[in-house]
Each structure stands twice: as C-alpha cells, then as structure tokens.
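The values are calculated or read from the model by the stated rules, or taken from the named source; none is laboratory data. Nothing here was measured: the structure is a model prediction, and the numbers come from that model. Here the Cβ positions follow ideal geometry from the backbone for every residue, glycine too, while neighbour counts run over all protein chains shown. For the accessible areas, the whole protein counts, side chains as well, though only heavy atoms, and no ligand, DNA or RNA atoms are used. Shrake-Rupley method; radii C 1.70, N 1.55, O 1.52, S 1.80 Å.
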Amino acid sequence: MSPLANHRFLKMNGLGNEITVLDLRGSAHVVSAVEARAIAADPRSRFDQLMVLHDPVSPGTDAFMRIYNTDGSESGACGNGTRCVAWAMLTDPVMSRPAGRGLVLETRAGLLPVSQVSDTTFTVDMGPPRLAWNEIPLRDPYPDTRAIALDTHLPEAPELENPSAIGMGNPHAIFWVRNAAAYDLAAIGPMLEHDPVFPERANISFAQVERPDHVILRVWERGAGATRACGSAACATLVAGARKGLTGRKATVTLPGGDLVIEWRESDGHVLMTGATELEHEGFLSPALFAGAA
C-alpha cells in the first residue's frame, strides 16, 4: 500500500490553475509518476500541478518542492503553485509553522523567495530568466532566442512562426499573435510541445500585446495541456516581450483565470510574479487510488 493512502491534501487554485498540495515533510517518501497520475485521476484531487513539500535541502530554506504535471512528469517551476504552497505554509492550521510574511522555497530549478502581499496574494521571485539556447534548452545553437526559426508547417495555424524562447524553470516558446483566442490549443498545442527543437518539450504560449503594460495570454502547458493560468509562462512572456520591445519591464498579463502582475526587475534581472490564491477544499487520498501503484 502506498504511504500516500489516507494522506491529507489541499485542493487550491492560482487564477484557476488547479493545484493540489501534499505535505511530506518528515517523510522520506518521493511521489512516483504512477502515484501522481492516480491522484490526478480523482476529481477531488485533480490538478494541473501537484506541489509536494519535503524537508529543506539547502540551509536557509523553508521546504523543498517537487512539482508534478498531470501526466506524472516533473516540472522545474510553477509560479501559481508556489503561491498556493506559500499560503498553506503561512496560513493552513495543519501545515503552517511559525514564520513571518515570507518564505524561501527550493525546487530543482533553484530558490524561490515568496512574500505575502495580503491574505491571499503573494509575490514570487522566480529568479533570472535563461536566455541562451543551451540553458532553455533548445536542440540547435540559436544565436538570438528572441525569435527562433521553428519549422511548424501546421495546417491548423500556418501563420505561426519564429516564436521567442525563454527558460523560466521550464522551457517556454511564445508566439506573438493578433488574437490569442483564435487558436485551438488542443489541436496545435501537443504538436508544438513535442517539436524536436525542444529536447525537454516546451510550454507553448500565444501572446496578444494590447499595450506595453498589458498582454493577453493563453497557454498549452507541457505535461498538463490547456490551462487557465500558467505563472512561469506569464513571466517568460513578459521577458520575451521586453526583449523584443513589445512591452515594458512590468505589465499585467491576463490569462483565462485572471490577471498576474509581472516585473522583470532591472536591478538584478529577477522576474517577480504577483497574484492571488484560493483554497477550494481539503481531503484525504483514498487508498483505492493506489491499488495499482507500484
């Protein structure tokens, strides 16, 4: 029987991005891909991202996070999920531990300082973007990742070409379009996500610049599909837009689930993401979910 049987979880959302939070601090168990898919299969705990807390690894941090997509694959970053974790660690009566209004969380992609703005709003320091082709990573040595030559040839969207590429904990490709709502994410997202130019797959974004301080965004998320919000994609889009002169260094990014305020800080090159969180319910994982999990 999986150690996760009967384990408590929180079901939350960050702008509609479905987040499930598990607290495994004090346990050596690491969630397997099979277990993650089993949790995602239950409507009560269904997620776009599963945020699993472990004991701190680096000195000065409050927890180490593993992040899982719906398909069981691991992700390096999830801004919306990080805000949800921060709320849980500072507010939830079971999970919270004495702390101020800030935390430092760690993922395999690095450290994520988080500060509380209001009861349900948090700012996450997502760190500096990765701009070089081999850091994103891309298969080919593009000298300028502001626009990469992607041989799409998609009958569903022949006009898509030359996206910007950014590493923001995860690989991101941003297509600059006139109308973000015009694209069928389910039809074209999987093909672009798995394009051979992205050796680790990629999050695919369709960005519509309304003004230098306002971008409308829709995202096909690697390993999760069409999502109501993707924090790391919003960060990548702002950075890519600023690099191309399409936006300023701070803008509101409007996703189907709501707004995020993104700033690419000039002083140190870090990207700050501010947005809301919401607790939907808590529950306990049914042992039946893990009957076939090894």
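Looking at the stretch 140-248, what % of its DSSP beta bridges pair antiparallel, to the nearest 5? Around 75 percent antiparallel, to the nearest 5.
Scan the stretch 84-192 for trypsin sites (Lys or Arg not before Pro) in coil per DSSP, keeping those whose Cβ has at most 10 other Cβ atoms within 10 Å, and list them by number.
ARG178
Given in Å, the Rg to one decimal and the Dmax to the nearest whole number for the Cα atoms of the stretch 90-146 are 16.8, 50.
SER96 sits with roughly 40 Å² accessible to a 1.4 Å probe, with DNA, RNA and ligands left out of the calculation. Over the chain, consider all pairs of different Cα atoms and compute the Kirkwood hydrodynamic radius from their mean reciprocal separation; express it in Å, one decimal. Result for the chain stands at 19.1 Å.
Residue by residue, the stretch 252-259 carries 3J(HN,Hα) couplings of 8, 10, 9, 10, x, x, x, 9 Hz when phi is fed to the Karplus relation 6.51 cos²θ - 1.76 cosθ + 1.60 (θ = phi - 60°); x denotes Gly or Pro. Calculation over all alpha carbon pairs of the stretch 8-69 in 5 angstrom steps from 0 returns a P(r) of 4, 18, 29, 24, 15, 8, 2, 0 percent.
Can you work out the FRET efficiency for the pair VAL104 and ASN6, with r the C-beta to C-beta distance and R0 = 35 Å, to the nearest 0.05?
Values: r = 30 Å, r/R0 = 0.87.
Once the sixth-power term is evaluated, E becomes 0.70.
Kirkwood-type hydrodynamic radius, the stretch 1-141: 15.7 Å, calculated from all non-identical alpha-carbon pairs.
Where nothing but the Cβ of Lys and Arg (+1) and of Asp and Glu (-1) is charged, how large is the charge dipole of the chain around its Cα centre, in debye to the nearest 20?
That gives a dipole near 320 debye.
Mean-square fluctuations from a GNM of the chain, with a 10 angstrom spring cutoff on Cα atoms, peak among SER205, SER32, SER118 at SER118.
Taking only protein heavy atoms and a 1.4 Å probe, the accessible area of the stretch 124-201 is 51% carbon and sulfur. Taking only the alpha carbons of the stretch 145-294, we obtain Rg and Dmax values of 16.7, 53 Å in that order.
Site-free segments of the chain were taken between GluC sites (Glu not before Pro) in DSSP loops having at most 14 other Cβ atoms within 10 Å, sites themselves excluded; the longest one is 1-134.
I want to verify a result. In a Gaussian network model of the chain, Cα cutoff 10 Å, which of these has the top mean-square fluctuation: SER73, SER115, SER267? In the Gaussian network model the winner is SER267.
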